[in-house]
Amino acid sequence: MTVDDIKKQLDVMALFKMNRMHWHLTEDQGWRIEIKKYPKLAEVASKRIEADGTEYGGYYTQEEVKEVVKYASDRFITVVPEIELPGHELAAIAAYPELSCKGQPVTPRTVWGVEHIVMCAGKELPFQFLEDVIAEVAALFPGEYLHIGGDECPKTSWKTCPLCQKRIRNEKLFADKNHTAEERLQSYFVQRMEKVAAKYGKKIIGWDEILEGGLSPTATVMSWRGEQGGIAAALTNHDVIMTPGSNGLYLDHYQGDSKVGPVGIGGFSPLKKTYSYNPIPDTLVAMGKENFIKGLQGNVWSEYLYTNDIREYRTFPRALAIAETGWTATELKDYNDFIRRIDNACVRLDGHDINYYIPMPEQPNGSSDFVTFTDNASLEFTTNRPVKMVYTLDGTEPTVNSTVYEAPLAFTDTATVKIASVLPSGKMNRVRTITVEKQTLSPAAAVEKKTPGLNMEVIDGTYLNMEELEKSGMKVTDKKVIKDTREIITYRRFSEETMRGFKQYAAIAKGYVDIPSDGVYFFSSDLEEVWIDGKKLIDNGGLVKHFCPTDKSVALSTVLHEFKVVFLSNSYGGFPTHWNDGSINIRKSDETSFKKIMPERLFH
Ligand code: ACM
Ligand code: ZN
C-alpha cells in the first residue's frame with residue numbers, strides 16, 4: 001500500500017469516525033518498517049522472490065511512518081503499530097537467521113499461511129532484537145499502545161530446541177492442566193516484552209492467543225478467534241477489543257457469491273452479518289464487565305487483496321457497518337435503516353474515489369457465466385441486499401436505462417445476458433456476461449471394457465500455465481492409474497506446507513466419467529483444466545487456484561463421457577496449487593449444491 005493509499009483510507013476512516021488504525025507491519029512474507037539499527041530488515045526482510053521469479057517488496061521509511069502518523073493524528077486517528085512476536089516473523093529471521101532456534105538460512109515466505117520457523121524463546125538475542133525494534137517503533141508512534149501480535153505461533157521448533165527447553169526448565173514453565181510447557185514459554189516471552197514495552201512507555205495489545213499460558217497483567221486482548229478469548233479476558237478485568245472473524249469482522253472475507261468476484265481468502269461475511277454484530281456479549285453485561293470492551297475492529301488482511309482497488313472493494317462498505325456499531329447503542333441499530341442510508345454513504349465514498357463493493361447479480365444455487373439448457377432455461381438473479389439490476393439481451397453493455405430485472409428470464413434459444421446492479425446514484429458494478437447456450441445432449445461414449453480409475457501421466461517440471469507445459473515437449477516421466485482425483489495432488493509427498501524444495505510436476509489424468517442420468521450438469525474445479533467429450537469445459541488459466549469463478553455447465557446423456565483433467569503443481573499469487581483438495585465437483589442443474597465426483601464414477 002502506498003502512503004497515498006493509506007492517506008486515502010485515513011480520510012474515509014475519519015469521515016465515518018473510525019479513530020484507530022491498527023498497522024500490521026511485520027509478517028512471515030515481509031517486514032514493512034525501516035529500523036535503523038537493523039538495516040537488513042529493509043534490504044532483505046522487506047523483499048521476497050515470488051514463485052514466478054518476480055520480486056515483491058517494499059517498506060515504509062521512518063519519515064513515511066511519521067507522515068502517516070501525523071496525517072492520521074490531524075484527523076483524530078491514532079495509529080497502533082503491530083510488531084509480531086514470537087511467530088509470523090520469518091522475514092526478520094531471513095535477515096537475521098540467528099533469531100530462530102536452528103538459525104538455518106531462510107528466505108521470506110512466498111506462500112500465505114502460518115510459518116513454523118519462529119523466534120527462539122531460549123536465546124537472549126531475539127529479546128534484544130525486539131527491544132531495539134520497540135525502542136525505535138515506540139518513538140515513532142505517540143499513541144499509548146503497541147500491538148505485539150502473539151497469534152499463530154507454532155510450537156514445533158520450541159519442542160525440539162535445547163535452548164527453549166532449557167528456558168522451560170530454568171523458568172519452571174512446566175505443563176499444567178490448562179497449558180503445555182511451550183504455551184507457558186510463549187506467555188513468558190510475551191510477559192518479558194510487556195515489560196520492555198512499558199519501559200518505552202507503551203501498553204501492549206495482543207491477539208487472543210496471549211491468553212494461553214497465562215495472560216500478561218496489563219495486556220489488552222484482541223479477540224479474533226470468536227469472542228471466547230475476549231470474554232475470558234474481560235472476566236479477569238482485562239481490556240478487550242472485539243474482532244471475531246466468525247462474526248463478520250474479517251473484511252477480507254467474501255461479502256457475496258465467490259463465483260462472481262475476485263479471489264478471496266474464503267469465509268462469508270455479507271454486510272448484514274457485519275452490521276448485526278454486537279461487540280458486548282450478554283454474559284459480560286450480566287457480570288457487570290461490559291466496560292472492559294473498549295471497541296471493535298475490522299481486519300483487512302491483504303494476502304488475496306492483490307491491488308488497492310481490490311482492498312477497497314473488500315473494505316467498503318462493510319467498514320461503515322463497523323463504524324456504526326462502534327458508535328451506536330445496540331438497541332438503536334436497525335439494518336434496514338442502515339442500508340437505506342448506505343446508498344448516500346456510497347455517494348460520499350465516490351467523492352473519495354473508493355472502489356466499494358456493489359452487490360453483484362448472483363444465481364441462487366451458485367453463479368456461472370456459462371449456462372446450458374436443452375429445451376428451455378430460466379435464469380434467476382438475486383443480490384444480497386436490495387439493489388436494482390438492469391440487463392440486455394442484444395449484446396450491448398447495460399446502462400442505467402436498460403431493462404430492469406424483475407423476474408426470472410426465460411430462454412428457448414441461445415442468448416447472451418449482460419447484467420449489472422445499479423445504485424440509486426446511477427453507479428453500476430462490473431457487468432456480468434452470461435452465455436446461455438442451447439445444446440443437445442452430448443452422446444455417451446461407446447466403451448467396451450471399463451476399469452476403475454483414470455490414467456494419469458506425470459511430467460516433471462514447474463509449469464505456470466498450459467503454454468509453458470506444451471512448449472516443454474511434455475516428456476512423460478511417470479504413469480499411474482488413480483482411483484480418486486485427489487491422487488493428482490498426493491502423487492508426490494509434500495511434508496512442508498510451504499512446498500520448500502518440492503519437485504514440481506504436471507499431471508494429466510484421462511478416462512471416463514459416469515453420468516447417472518440425462519441432463520445439464522455444472523462442473524466446478526480449482527485444477528488447471530477440466531475437459532469433457534474432447535472439449536475444454538473449465539479453464540482456470542491465469543487464475544489463483546482458489547475458489548475459481550469458472551463453473552460451467554454442459555448437457556450430457558447417460559452414461560460414460562470422455563474426461564480429462566490437468567493439474568499444474570506450482571504456486572501463484574501466494575497460493576500453492578497443492579493446497580487444493582483435487583476434487584472436481586458436479587451439480588445437476590436442478591440440484592442446489594455441488595458434490596465431489598467420487599471414485600466409483602471414474603473409469604478408463
Ligand atoms: C489473525 O487473523 N491471525 C489474527
Ligand atoms: Zn529455541
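Pairs only if they're at least six apart or on different chains, beta carbon under 9 angstrom, first in the range 35-54 and within 26 Å of Leu125 (Cβ to Cβ), second of a type in the set (Asp, Glu) and not in a helix (DSSP H, G or I); list them, first residue then second.
What qualifies is Leu41/Glu34; Ala42/Glu34; Ser46/Glu34; Lys47/Glu55; Arg48/Glu55.
Is it the case that some residue within the range 497-511 is under 30 Å from the mean Cα position of the chain (by Cα), closer than 22 Å to Gly266 by Cβ, modelled with pLDDT under 95 and among the hydroxyl-bearing types (Ser, Thr, Tyr)?
yes
For (1) polar (S, T, N, Q); (2) more than 16 Å from ligand 1 (Cβ to nearest atom); (3) touching a Cys at 6+ places or on another chain (Cβ under 8 Å), each residue gets a yes or a no:
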| site | (1), (2), (3) |
| --- | --- |
| Leu130 | no, yes, no |
| Gly150 | no, no, no |
| Pro154 | no, no, no |
| Ser157 | yes, yes, yes |
| Glu171 | no, yes, no |
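List the number of the failed condition for Glu496; all other conditions in (1) part of a loop (DSSP other than H, G, I, E, B); (2) in contact (Cβ under 8 Å) with a residue 12 or more places away in the chain hold.
Condition (2) is where Glu496 drops out.
Is at least one residue of the range 129-137 farther than 29 Å from Trp112 by Cβ and either modelled with pLDDT under 95 or out of contact with any His (no Cβ under 7 Å at 6 or more places or on another chain) (or both)?
Scanning the range 129-137 turns up at least one residue that is farther than 29 Å from Trp112 by Cβ and either modelled with pLDDT under 95 or out of contact with any His (no Cβ under 7 Å at 6 or more places or on another chain) (or both).
May I ask you to list pairs of residues, at least six apart or on different chains, whose Cβ atoms are under 6 Å apart, with the first in the range 159-179 being more than 15 Å from Met119 (Cα to Cα) and modelled with pLDDT of 95 or more and the second being more than 9 Å from ligand 2 (Cβ to nearest atom) and charged (D, E, K, R)?
Leu173/Arg184
Hey, could you check the range 94-138 for residues that are within 16 Å of ligand 2 (Cβ to nearest atom) and of a type in the set (Ser, Thr, Tyr) and say which is surrounded by the most Cβ atoms within 10 Å (Cβ to Cβ)?
Ranking the qualifying residues of the range 94-138, first place goes to Ser100.
Right, Gly122: without any contact (Cβ under 8 Å) to a residue 60 or more places away in the chain, more than 16 Å from ligand 1 (Cβ to nearest atom) and assigned to a loop (DSSP other than H, G, I, E, B) or not?
Spelling it out, Gly122 is indeed without any contact (Cβ under 8 Å) to a residue 60 or more places away in the chain, more than 16 Å from ligand 1 (Cβ to nearest atom) and assigned to a loop (DSSP other than H, G, I, E, B).
Could you list all residues from the range 233-262 that are surrounded by 22 or more Cβ atoms within 10 Å (Cβ to Cβ), over 21 Å from Ile339 (Cα atoms) and within 14 Å of the chain's Cα centre (by Cα)?
Across the range 233-262, there are no qualifying residues.
Restricting the range 362-399 to residues that are outside any loop (DSSP other than H, G, I, E, B) and small (Gly, Ala, Ser), which is surrounded by the fewest Cβ atoms within 10 Å (Cβ to Cβ)?
My answer is Ser378.
Considering (1) touching a residue at least 12 places away in the same chain (Cβ under 8 Å); (2) surrounded by fewer than 19 Cβ atoms within 10 Å (Cβ to Cβ), say which one Lys545 fails and leave the rest.
For Lys545, the failing item is (2).
Can you tell me how many residues within the range 173-198 are over 12 Å from Phe127 (Cβ atoms) and surrounded by fewer than 17 Cβ atoms within 10 Å (Cβ to Cβ)?
Residues flagged as over 12 Å from Phe127 (Cβ atoms) and surrounded by fewer than 17 Cβ atoms within 10 Å (Cβ to Cβ) within the range 173-198 amount to 6.
Within the range 455-485, how many residues turn out to be hydrophobic (A, V, I, L, M, F, W, C) and either touching a Phe, Trp or Tyr at 6+ places or on another chain (Cβ under 7 Å) or assigned to a helix (DSSP H, G or I) (or both)?
5
Show the residue pairs that are 6+ apart or on different chains and have beta-carbon atoms under 6 Å apart, the first residue being within the range 293-310 and on the phi < 0 side of the Ramachandran plot, the second being hydroxyl-bearing (Ser, Thr, Tyr) and within 16 Å of ligand 1 (Cβ to nearest atom).
Gln297/Thr243; Asn299/Thr243; Asn299/Tyr250; Val300/Thr315
Is there a residue in the range 451-458 that is closer than 25 Å to Val530 by Cβ and under 31 Å from the mean Cα position of the chain (by Cα)?
Yes, the range 451-458 contains at least one residue that is closer than 25 Å to Val530 by Cβ and under 31 Å from the mean Cα position of the chain (by Cα).
Residues of the range 204-229 being within 13 Å of ligand 1 (Cβ to nearest atom), surrounded by 20 or more Cβ atoms within 10 Å (Cβ to Cβ) and among the small types (Gly, Ala, Ser), which ones?
Matches in the range 204-229: Gly206, Ser223, Gly229.
Please tell me if Ser223 is touching a helix residue (DSSP H, G or I) at 6+ places or on another chain (Cβ under 7 Å), hydroxyl-bearing (Ser, Thr, Tyr), in contact (Cβ under 8 Å) with a residue 24 or more places away in the chain and more than 16 Å from ligand 2 (Cβ to nearest atom).
Taking the combined requirement at face value, the residue does not satisfy it.
Scan the range 263-279 for residues that are buried (at least 21 other Cβ atoms within 10 Å of the Cβ) and closer than 17 Å to Thr328 by Cβ and report the count.
5
Give Val65, Val12, Val79 a once-over and let me know the one that is in contact with a Phe, Trp or Tyr (Cβ under 6 Å, 6 or more places away or on another chain), surrounded by 20 or more Cβ atoms within 10 Å (Cβ to Cβ) and closer than 24 Å to Ile241 by Cβ.
After applying the criteria, what remains is Val79.
Looking at the range 465-488, which of its residues are among the β-branched types (Val, Ile, Thr) and touching an Asp or Glu at 6+ places or on another chain (Cβ under 6 Å)?
Val476, Thr477
Is it fair to say Glu144 is away from ligand 1 (no atom under 16 Å from the Cβ), closer than 20 Å to Ala95 by Cβ and touching a residue at least 12 places away in the same chain (Cβ under 8 Å)?
No: the conditions fail for Glu144.
Collect the residues in the range 2-26 that are over 16 Å from Val80 (Cβ atoms) and in a loop (DSSP other than H, G, I, E, B), keeping them in residue-number order.
Those that are over 16 Å from Val80 (Cβ atoms) and in a loop (DSSP other than H, G, I, E, B): Thr2, Phe16, Lys17.
May I ask you to list the residues in the range 400-429 that are surrounded by 14 or more Cβ atoms within 10 Å (Cβ to Cβ) and in a loop (DSSP other than H, G, I, E, B)?
Passing the criteria: Val400, Ser402, Tyr405, Leu423, Lys427, Asn429.
The values are calculated or read from the model by the stated rules, or taken from the named source; none is laboratory data. These numbers were taken from a predicted model, which means no experiment stands behind them. Heads up, the Cβs are rebuilt from the backbone with ideal geometry, glycines too, and the neighbour counts pull from every protein chain shown.
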